[in-house]
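Coordinate-derived values only; no laboratory data. Please read these numbers as outputs of a predicted model, since none were measured by experiment. FYI the Cβ positions are ideal-geometry reconstructions off the backbone, even for glycines, and counts take in every protein chain you see.
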Amino acid sequence: MDIIQSYKAGWKINQNDEACYIEIDDDVFKRENEEDVQWANLPDLLLEQIFSYLSISERYYCTLVCKDWYRAFYLKNVWRNFVIVDDTLCRQKFNYYSGWQPVLDCMRAQTCLTRIGRFIKGIEILPSYNFNNIAQFMVLLTFNIQQSRRSRCDPIYFEVGKRIKSFKYVFPCNMANNEQDVKLYGTGGSLLKTLKCLMFELNELRNLKLIDLMLERYEAKHLLDEVLESCEMALQSLYLVNVTSTHCPIMHVGLFFNLKVLTISPQNLDDDVLQLLASTAIRDLYIFQNNYSPNYAAACSEKAWKNFRKDNPKARVHLRAESASQKLVTLQSFAPINSVTYRTPKNKASLDIIKIIDLYKYTLETYGHESIPEFESQIEFDERIDNLLILMARQCPNLKSLTIRESISTSSLLLLAKIGINLIELNVRKSAVIEQMDWPKNPDWSDDFFAWLQISSSSKESTEKEISQILRCRWIMMSDESFEKLKISLSGFSM
């Protein structure tokens, strides 16, 4: 009797994208199955990292995979940061005006908080137009924290919210239907009251971010009353971006004794606030403007900045603008400006670079424009910013970081690396670099130096090699994809 040997077979795509029929023996399936099994045995450290990137619903679905992944759902670091969006812990409910809408499922939210509330270290409430859901969640969280602090609290509330060190709330202030338009509205009323009640209960806060609230002046002046009462000594980092849309100094920011980093919009800063900040432990003051900040805000007086520098000589001030439209930073005369950075695709560096050099040449350490520009860079030497950048490198001896997104020649890059005696970080787009020697010989240059400049600027590869030697580290030009993801390193800053 003949023995018929059976084979398993299948289709496979080869290197030429052609389908080919292959036979597969049992050993291959065994090896594949063995590899599949390993997913269930990942170490807790990796599972925590993977789960931390997932939404709440995605984490729930992962618990249905296997017992180990179900157990990973309750690991501490999985719930280190709790992010609230439109549909978090919601169910769908139909109404006659808007159709099916997400509505907070209070039972699910309560169960979630009692089970994992003691693990949460940070809460982020991202822009959501369903204000009722956000308000209900904040009320529920406030209630759970209050219950956990009772002398004889129910075990299910044990330590809920006790470890929360960071809180972020971003209000969707732009109510325009078209993304190109801007129609600003502010929060307030019951939502603001609920927010303040929650912040009062978070008495271990180290990091507080309130962004685009756009309050009325009378509401803004009392925004931080509860925070000051509960976190006067604990708060170390405070972000207040566009608390109001008009000029309104926020005096409370100068009353937190251990505040190290403050980010504030220029319309909420004045001479009196500076005077209070000078007596605190603040090390980094960020004056930040975004798409919704007023285009023209009053700067603090020269006298106020001189007194600030005298009373707090170690403090550093940073100017930062992030906007889809053209936005210039509000320049502050006599301020100890450490960095000027932009993430504004429509801004040209030539708009304010001369003023920046003139005002901050002795203190400036970081200057740059992030993101790919949405304008056409000039090719001709006289129309480019090469001269201005060389001037900055000469006039600013403390310059350490320079980020360039506009067109620049290889010879200019070599000169920047040579002239910038303290330059450590130089970021440029490879597609914007022109292989060209477009500098005439300077009387101060030797013949050897000029010959070196001509030879080294002949190609991008030779330029990279020479700059690597000057900076004493491997240096390469960045692709547009890498440059778009680039974020200039700023001490204590993150949005």
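The table that follows gives values for the structure above.
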| read-out | value |
| --- | --- |
| Karplus (6.51, -1.76, 1.60) ³J(HN,Hα), θ = phi - 60°, over the stretch 280-287, in Hz, Gly and Pro reported as x | 9, 8, 4, 10, 9, 10, 9, 9 |
| Long-range amide H partners of I434 with built H, under 5 Å | I408, S409, T410 |
| In the stretch 334-400, the GluC sites (Glu not before Pro) that fall in loop regions by DSSP, at most 10 other Cβ within 10 Å | E376, E380 |
| Contour minus Cα-Cα distance for I421 and W445 (0.36 nm per residue) | 7.0 nm |
| For the chain, calculated [θ]222 nm from helices alone, where every DSSP H run of n ≥ 4 adds -39500 (n - 2.57) | -9500 deg cm²/dmol |
| DSSP bridge pairs, the chain: antiparallel proportion in percent, nearest 5 | 20 percent |
| Translational D in µm²/s for the stretch 336-495 (Stokes-Einstein at 20 °C, 1.002 mPa s, Kirkwood Rh from C-alpha pairs) | 134 µm²/s |
| Within-12-Å neighbourhood charge of A315 [Cβ basis; K, R +1; D, E -1] | +4 |
| Relative contact order of the stretch 336-495, pairs being alpha-carbon contacts under 8 Å that are 6 or more residues apart, as % | 22 percent |
| Relative packing of peptides 403-410, 424-431, 331-338 - highest average C-beta neighbours within 10 Å first | 403-410, 331-338, 424-431 |
| Overall dimensions of the stretch 128-168 by Cα: Rg and Dmax, Å | 12.1, 38 |
| 4 °C / 1.567 mPa s Stokes-Einstein diffusion coefficient of the stretch 285-411, Kirkwood radius on C-alpha pairs, µm²/s | 84 µm²/s |
| Cα-Cα separations in the chain greater than 34 Å, expressed as whole percent | 52 percent |
| Mean-position separation - Cα centroids, the stretch 121-141 and the stretch 192-248, in angstrom | 15 Å |
| Relative contact order (%) - criterion: Cα under 8 Å, at least six apart; region: the chain | 6 percent |
| Bridge type composition, the stretch 151-286 - antiparallel percent by DSSP, nearest 5 | 5 percent |
| Other-chain or far-sequence residues with amide H under 5 Å of R343's (modelled H) | A321, E322, S323, E370 |
| Listed peptides 269-279, 183-193 by packing density, highest first (mean Cβ within 10 Å) | 269-279, 183-193 |
| Relative packing of 249-259, 124-134, 150-160, which averages over residues the other C-beta atoms within 10 Å, highest first | 249-259, 124-134, 150-160 |
